[in-house]
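K.L.:
This structure is in structure tokens; I'll ask about it shortly.
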Amino acid sequence: MITGKNYIGNVLSSTGLTTFKTFNPIKNIENEYVFTEASQEEIEVAVSLADEAFKEYSTISGVKKSEFLNEIANQIENLDDELLKIYCEESGLTKERAISERGRTIFQLRSFANLVKKGSWVNAVIETSDISRKPIPKVDLRKMLIPLGPVVVFGASNFPLAYSTAGGDTAAALAAGCPVIVKSHPMHAGTGELVASAIINAAEITGMPNGVFSNLNSSGIEVGTILVQHPQIKAVGFTGSVQGGRALFNLASQRPEPIPVFAEMGSVNPVILLPKALQNSGEKWAKTYANSVTLGSGQFCTNPGLMLGIKSAELTNFINLLAKEISKKEPTCMLHPTIYKAFETKKEQIINQEGVYSLVENSTNIIQNFGRPSVLKVDGTQFLQNTKLHQEVFGPFSIVVQCENLNQLEEIISKLEGQLTGTIIATPEELNSYKSIAEALQNRVGRIIFNGVPTGVEVCVAMQHGGPYPASTDSRFTAVGVQSIKRWVRPISFQNWPNNLLPDELRNENPLHISRLVDGKQTTKNS
Ligand code: NAP
């Protein structure tokens with residue numbers, strides 16, 4: 001049941017004065033529930049509970065954390081239709097999408113449960129002492145990863161489940177041993193509260209300390225700003241706009257004790273179209289890309305917002321086919337009126353730039369909150385001169401750049417901002433003969449794709465979701481897959497520490513039977 005209150009640890013509370021409602025973009029009306037923004041006092045209590053909980057939760061066994069994470073997954077499953085209903089009402093997304101996103105969320109939670117149960121993720125390294133070493137005897141050193149402390153997670157507007165309350169950032173932080181305070185996204189506060197209730201139930205069932213999780217409502221930036229600046233908060237996870245992510249990054253780095261902000265932000269996900277591939281299968285790629293550009297109303301961080309080719313009859317043909325395919329797509333509901341308005345405004349701004357041609361005659365039948373898909377074209381020289389054309393337009397939008405020649409294509413790629421993904425559409429022979437293009441692209445992206453689409457982010461260990469700024473604030477880490485746990489930990493070395501006082505992961509007898517690097521050999525044996 002949705003109450004509109006905040007979870008301050010396991011207590012529902014609403015002492016704040018500011019209230020707000022979520023919005024149903026399909027019906028174009030407010031939803032019924034009234035949410036109370038977290039008060040300063042509630043923020044303070046949530047943080048001090050998290051700080052207190054950290055003392056116990058940071059040392060809890062991997063098996064216990066795994067029980068907790070699996071129980072969160074069970075509790076989310078138990079929410080059943082109530083969760084799906086509010087998800088659709090608050091996002092305009094379909095029930096099928098809600099079911100698939102819930103599946104992804106549960107899969108992520110169970111993947112982290114599995115990881116921490118096995119335990120080897122802590123990267124234990126042991127170098128035993130050598131007192132006979134001359135001239136200086138070697139000390140005993142043992143290193144492993146430990147949690148950072150309480151983490152603040154900002155829910156993402158475009159993934160109300162998989163990158164919000166119990167999404168990837170939260171699951172990874174809880175797996176690492178960090179209490180989490182979620183700054184719920186105001187567009188889906190009801191979805192957030194239901195999922196928060198599942199986490200709180202799971203915490204109680206599995207005996208986790210109170211304060212291991214809190215969920216705070218907000219309708220503006222104040223709650224998030226206070227949290228990021230709070231001395232007891234030790235790291236931040238964020239998915240959203242470059243402006244929002246950068247503002248939080250700046251705040252965090254200006255604190256007396258700076259803390260890391262792992263923000264996943266803007267990306268236009270360039271697609272390089274090479275001539276032979278377009279000649280062989282131009283029609284297939286036009287259809288594939290019309291689908292990818294419009295998938296989920298284009299509201300994916302991996303949406304292909306930029307396509308680059310070399311001027312030729314094949315490219316012209318591809319552009320015409322793509323425009324034809326996109327024209328067939330109906331407008332689809334976007335997440336929220338503000339996201340819809342931002343899309344329409346940014347799209348218009350780009351269309352009005354010099355040398356830009358719109359290729360799709362948008363129907364004049366405007367439905368409120370329904371984004372009309374758009375594809376534009378521009379010459380390479382104009383694109384190079386006008387960096388406004390390089391910016392993300394969040395929605396069903398893409399711009400095709402017609403480069404004069406290979407050199408210009410390479411120059412454009414090397415001048416692009418950092419990206420989550422880059423794709424090359426080519427024959428295998430072309431990929432081999434255009435090596436400089438692939439190399440230039442690799443330097444700008446976190447994931448490079450051959451003959452595919454960037455949308456659809458597989459949750460697995462080999463996934464890299466993050467790229468050079470502004471795709472993310474730290475390209476060394478991924479926000480998807482179990483390796484994202486590394487954002488919430490730091491290494492510590494124990495020198496000459498008594499065996500019986502070491503963490504289990506580093507003890508001689510290896511009681512957890514985890515894989516460790518002992519004197520240069522990877523092993524599950526004793527040290
Ligand atoms: P957003 O505006 O970046 O907001 C995300 C979250 O951060 C919200 O909870 C927001 O709080 C908070 N926030 C934003 N600026 C802040 C600041 N200066 N200080 C403290 N907190 C701040 O993103 P959004 O609401 O999800 O969507 C808006 C736009 O972001 C979209 O139109 C799109 O351009 C972009 N976006 C990009 C991606 C991507 O993956 N590339 C994903 C989602 C959104 P409040 O809402 O409470 O103010």
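The values are calculated or read from the model by the stated rules, or taken from the named source; none is laboratory data. Bear in mind the structure is a predicted one, so any value in this text is a computation, not a measurement. As a convention, Cβ positions derive from the backbone with ideal geometry for all residues, glycine included, and neighbour counts pool all protein chains shown. What goes into the accessible areas is simple: the full protein's heavy atoms, side chains included, and nothing from ligands, DNA or RNA. Shrake-Rupley method; radii C 1.70, N 1.55, O 1.52, S 1.80 Å.
K.L.:
Please state, rounded to one decimal and in Å, the Kirkwood hydrodynamic radius that the stretch 310-364 gives when every pair of distinct Cα atoms enters the mean of 1/r.
P.N.:
13.2 Å
K.L.:
Let me ask you something else. Spin-label point model (7 Å from Cα, Cβ direction): what's the GLN495 to GLU44 distance in nm?
P.N.:
4.1 nm
K.L.:
Also, I was wondering about something else. Compactness ratio of the stretch 266-361: Cα Rg over 2.2 N^0.38 Å, N = residue count?
P.N.:
For the stretch 266-361, the normalised Cα radius of gyration comes out at 1.12.
K.L.:
Another question, then. Where does each of PHE20, PHE249, PHE343 land when they are ordered by accessible area, with a 1.4 Å probe and the largest first?
P.N.:
Heavy-atom accessible area, descending, gives PHE249, PHE20, PHE343.
K.L.:
Bin width 5 Å, alpha-carbon pairs only: give the P(r) of the stretch 386-493 as whole percents, running from 0 to the bin holding the largest distance.
P.N.:
P(r) for the stretch 386-493, in whole percents per bin: 2, 11, 17, 22, 20, 13, 8, 4, 2, 1, 0, 0.
K.L.:
Compute the semi-axes of the equivalent ellipsoid of the stretch 147-219, taking the square root of 5 times each eigenvalue of the Cα gyration tensor, and list them largest first in whole Å.
P.N.:
Listed largest to smallest, the semi-axes of the stretch 147-219 are 19, 13, 10 Å.
K.L.:
Dipole magnitude of the stretch 87-129 about its Cα centre, charges +1 at Lys/Arg Cβ and -1 at Asp/Glu Cβ only, in debye to the nearest 20?
P.N.:
So the magnitude is around 200 debye.
K.L.:
Would you list which aspartates and glutamates come within 12 Å of LYS347, measuring only between C-alpha atoms, while excluding same-chain residues fewer than 8 positions from it?
P.N.:
GLU392
K.L.:
Rounding to the nearest 20 debye, state how big the charge dipole of the chain is about its Cα centre with +1 on each Lys and Arg Cβ and -1 on each Asp and Glu Cβ.
P.N.:
Charge dipole, the chain, about its Cα centre: 1200 debye, nearest 20.
K.L.:
Return the lysines within reach of LYS55: Cα separation strictly under 17 angstrom, same-chain partners fewer than 8 residues apart disregarded; answer none if there are no such residues.
P.N.:
Filter leaves LYS64, LYS65, LYS234.
K.L.:
Right, next: For the stretch 205-306, what does the equivalent ellipsoid look like in terms of its semi-axes, each the square root of 5 times an eigenvalue of the Cα gyration tensor, given largest first in whole Å?
P.N.:
Square roots of five times the eigenvalues give 41, 17, 12 Å.
K.L.:
Past 18 Å, Cα to Cα, is the threshold; run LYS486/LYS525; LYS287/LYS324; LYS95/LYS341 against it and keep the listed order.
P.N.:
Among LYS486/LYS525; LYS287/LYS324; LYS95/LYS341, the Cα-Cα distance tops 18 Å for LYS486/LYS525; LYS95/LYS341.
K.L.:
For a paramagnetic label modelled at 7 Å from the Cα of THR345 toward its Cβ, which residues of the stretch 202-234 fall within the zone defined by backbone nitrogen distances under 20 Å?
P.N.:
219-222
K.L.:
While we're looking at this one, here's another question. List the relative contact order of the chain as a percent without decimals, with contacts defined as Cα pairs under 8 Å and 6+ residues apart.
P.N.:
Computed value for the chain: 17 percent relative contact order.
K.L.:
For the charge dipole of the stretch 125-194, defined by +1 on Lys and Arg C-beta atoms and -1 on Asp and Glu C-beta atoms about the Cα centroid, which residue among VAL153, PRO135, ILE181 has the Cα displaced farthest towards the positive pole?
P.N.:
PRO135
K.L.:
Please state the relative contact order of the stretch 274-392 as a whole percent: Cα pairs under 8 Å, 6+ residues apart?
P.N.:
26 percent
K.L.:
Report the per residue volume, in Å³, of the convex hull enclosing the C-alpha atoms of the stretch 135-277.
P.N.:
About 233 Å³ per residue, rounded to a whole number.
K.L.:
Under a cut-off of 18 Å between alpha-carbon atoms, report the aspartates and glutamates in cross-link reach of LYS138, not counting same-chain residues fewer than 8 places apart.
P.N.:
GLU127, ASP130, ASP519
K.L.:
What does the accessible area of ASP81 come to, in Å² to the nearest 10, when a probe of 1.4 Å is used?
P.N.:
90 Å²
K.L.:
Determine how many Å³ per residue the convex hull of the Cα atoms of the stretch 41-175 encloses.
P.N.:
146 Å³
K.L.:
Next up: Convex hull volume of the Cα atoms in the chain, per residue, in Å³?
P.N.:
Normalising the Cα hull of the chain by residue number yields 167 Å³.
K.L.:
Just to confirm a number: summing +1 for Lys and Arg and -1 for Asp and Glu over residues other than GLY190 whose beta-carbon lies under 13 angstrom from that of GLY190, what do you get?
P.N.:
-3
K.L.:
Specify the angular offset, from 0 to 90 degrees and rounded to the nearest 10, of the alpha carbon long axis of helix 242-254 from the longest principal axis of the alpha carbons in the chain.
P.N.:
Around 30 degrees separate the two axes.
K.L.:
While we're here: Once the other residues with Cβ under 13 Å from the Cβ of ILE233 are scored (Lys, Arg +1; Asp, Glu -1), what is the net sum?
P.N.:
0
K.L.:
May I ask you to order 207-220, 119-132 by the average number of other C-beta atoms within 10 Å around their residues, highest value first?
P.N.:
So the order, starting with the most tightly packed, is 207-220, 119-132.
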